[in-house]
Amino acid sequence: MKRGDLYRIHKPGGGSKNFRVFVIVSRQALIDSRFPTVVCARVYTRVEGLLTQVPVGIEEGLKHSSWILCDDLASLHKSNLTHFIGSLSHSKLAELDRALSIAVGIL
């Protein structure tokens, strides 16, 4: 498990979509620690044209074009991260870093 990995998470309660995709954004030291949760950003299939969105798609293991929304962060238990999809490239991680900086007001 590492920063930039994408996972499909089962949603309790079902609905029209039984799963959601998230990308791990926590620092690697936290991921490697015994702490039970990591911070993740949700992946959406809809683009809003925001500076806090990062495009992802087939290259990252998804079935279609999607966008990581860095304004939508969640703390997830590591034990729920079992359905690995793929990983972000170094260039996508750099885009993610920029989008996260904008989302939390560092830039």
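The values are calculated or read from the model by the stated rules, or taken from the named source; none is laboratory data. Treat the numbers as computed from the prediction; the structure is a model and nothing was measured. Quick reminder, even Gly has a Cβ in these numbers, built from the backbone with ideal geometry, and neighbours come from all protein chains shown.
Quick rundown of the values:
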quantity	calculated
The one condition in (1) in contact (Cβ under 8 Å) with a residue 40 or more places away in the chain; (2) surrounded by 15 or more Cβ atoms within 10 Å (Cβ to Cβ); (3) aromatic (Phe, Trp, Tyr) that Trp67 fails to fulfil	(1)
Some residue of region 22-31 being under 21 Å from Ile106 (Cα atoms), surrounded by 12 or more Cβ atoms within 10 Å (Cβ to Cβ) and free of Cβ contacts under 8 Å to residues at least 24 places away in the same chain	yes
Top-ranked residue in region 33-66 [being assigned to a helix (DSSP H, G or I) and more than 14 Å from the chain's Cα centre (by Cα); ranked as nearest to Lys92 (Cα to Cα)]	Glu59
Among the candidates Leu93, Leu69, Leu30, Leu100, residue that is modelled with pLDDT of 95 or more and in a strand (DSSP E or B)	Leu69
Scope region 55-92; condition out of contact with any strand residue (DSSP E or B) (no Cβ under 8 Å at 6 or more places or on another chain) and within 15 Å of Val39 (Cα to Cα); matching residues	Asp71, Ser79
Arg3 vs. criteria at negative phi, surrounded by 11 or more Cβ atoms within 10 Å (Cβ to Cβ) and part of a loop (DSSP other than H, G, I, E, B)	yes
